[in-house]
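Here it is, the structure in full.
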Amino acid sequence: MMNRIIYGVLISLFIFSGTEARPKHNAEDKGPVTDILYNNDLVHISTFDSTYIQNKDIPRIRGEMHFVLTEAEQQRIAELADSVGFWKLPAYLVGDRNVMPNPGTQTMRIKTARMDWKVMWAGVLLDAKTAAPIDRIKAVLDSIAQSRPEYKKLPSLFDRGYDQFMPPPKSSPIPLSPR
């Protein structure tokens, strides 16, 4: 009987000793501190495959660039995910598909040395409490991407004929095209 108790305690110690939180990063870790994926019908931003693609489904204005994060940016994303509670979000969120423009099914995945979490939703998140963490991370990710020289070389929506998809103004005192 005593052997079973000791055996049970040893197994419990072995199992629970492996669930300790790993440090955020140490010099012996290989690879990036943080990988991130944000994907919807219009944009694909991923450090898993080092790509940034805008306007994926519109060939005339599609743009693509190589995209990686510096160590400082990786740490910034990991700390932001911690501070906004990204790891506590449900895996599937409820969005509104009737809001236009509808970006379709969206995915955000963040992988650090100690956590790997993916959140998916369809449409637009209307619940401010749920949307806030996602929006803050997207804003930082967008600002990082837009700070790259390669981003400035991507096709602009209006330089590539995007205005053809927009309705003409109802009235304008200034002619939009020369006569």
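Please list 3J(HN,Hα) in residue order for the stretch 131-136, calculated via the Karplus relation 6.51 cos²θ - 1.76 cosθ + 1.60 where θ = phi - 60°; whole Hz, with x for glycine and proline.
For the stretch 131-136, the Karplus-derived couplings read 6, 4, x, 5, 4, 5 Hz, x marking Gly and Pro.
Using the Karplus curve 6.51 cos²θ - 1.76 cosθ + 1.60 with θ = phi - 60°, what ³J(HN,Hα) values do you get for each residue of the stretch 48-65, in whole Hz, with x for Gly and Pro?
After applying 6.51 cos²θ - 1.76 cosθ + 1.60, I find 5, 10, 6, 10, 10, 10, 10, 6, 3, 9, 10, x, 5, 10, 6, x, 9, 8 Hz.
Something else now. Check which residues have an amide H placed less than 5 Å from Gly95's amide H, if you skip close sequence neighbours.
Amide H neighbours of Gly95: Ala122.
Return the Cα extents of the stretch 29-105 along principal axes one, two and three, sorted largest first, each rounded to a whole Å.
41, 30, 15
Of the listed pairs Lys56/Lys111; Lys56/Lys88; Lys56/Lys118; Lys56/Lys153, which have alpha-carbon separations greater than 28 Å here?
Flagged as over cut-off: Lys56/Lys88.
What net charge is computed for the residues neighbouring Met65, neighbours being all others with C-beta under 11 Å from the C-beta of Met65, Lys and Arg scored +1, Asp and Glu -1?
Computed value for this residue: +1.
Residue by residue through the stretch 85-96, what is 3J(HN,Hα) from phi via Karplus (6.51 cos²θ - 1.76 cosθ + 1.60, θ = phi - 60°)? Round to whole Hz and write x for glycine and proline.
Taking θ as phi minus 60°, the curve returns x, 4, 5, 9, 5, x, 5, 10, 10, 9, x, 9 Hz for the stretch 85-96.
Readers should treat all values here as calculations from the given coordinates under stated rules, not as data from a laboratory. All values derive from a computational prediction rather than experimental measurement. Reconstructed Cβ throughout: ideal geometry from the backbone, glycine too, with neighbour counts over all protein chains shown.
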